[in-house]
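Structure first, commentary second.
Each value in this text was obtained by applying a stated rule to the coordinates, not by laboratory testing. Note that the structure is predicted; figures quoted are calculated from it, not measured. Neighbour counts are summed over all protein chains in view; Cβ atoms, including those assigned to glycine, are modelled from backbone coordinates with ideal geometry.
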Amino acid sequence: MQTRRLFTLIWRINAIVILLVGLIAGAVLSVAGYLLFKDATRTRHVDNVANTALGNVRESTAELGSFGEIPGATVLRAPLNVRQTYALGSGSKEAGSTRNYLYFEPSTRATSWLRPSMDGVILSSVPLPSAEYGEKKVNAVTYVHVTVDKDTDGDDRLTDSDAKQIAISAPDGKGYRVLVTKADRLNDATLIGPTRLLILYSAGNKLNAVEVNPADPAAPVTEYEVPTSARS
């Protein structure tokens, strides 16, 4: 009789434990489900990322950034930044990109755009020669721009993963000229001399070079492949 009561008591305790475990597990799953749902439906913000959505764009806003001085030029330059919100599963994602640069000449009050089109993304735009942080400013001879104009990887966005163009311009934004139409990566851009700009870039498994006189918009371009195989 006592043994039977003992088993009955143990069974009731086990039932209570199982019930409590079930309630706790249900609560944990409910909280996890809520957090997953909230994460999936929230708007994600991505800053300082060159990204242009080509499809499912919910909202797009353009804003002109702050003007800054250019070493070696009398003009001021400001980026045209575009922010887009586009569909991502059941939620949305927000990304920003630089589409163009506006140049302003205070003496004549004239303005001009760097690129003729606003469709692409400017990944980088740097002066040459460039001074290191803390060094004395040096006048720029040219600017090297890396852009993306086509969605080559098929993800409906223009990003660093797509094929790139490499272009140059004068410090005041004039004479914009595309030197490389398809590159995977800009490896280096350096001034060998005042009239000799060297650009090294990767395309597939090849390392290529482009040389040009940056001061002459009509100067011929010299292109060649850089040997990368080891010699015995």
Fill in: Radius 13 Å from Cβ of Tyr224, net charge of other residues (Lys, Arg +1; Asp, Glu -1)
-2
Worksheet entry | For Thr142, distant residues with modelled amide H under 5 Å away | Leu128
Response to the item:
Computed ³J(HN,Hα) along segment 193-206: with the Karplus parameters 6.51/-1.76/1.60, θ = phi - 60°, integer Hz and x for glycine or proline, the list is x, x, 10, 9, 9, 10, 10, 10, 9, 9, 9, x, 9, 10
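What is the sum of charges around Leu198, taking Lys and Arg as +1, Asp and Glu as -1, for the other residues whose C-beta is under 9 Å from the C-beta of Leu198?
Values: positive: Arg196; negative: Asp188, Glu211.
Every neighbour counted, the sum reads -1.
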Item to complete: Note down the net charge around Gly175, summing +1 for each Lys or Arg and -1 for each Asp or Glu among other residues with Cβ under 14 Å from its Cβ.
Response: +1
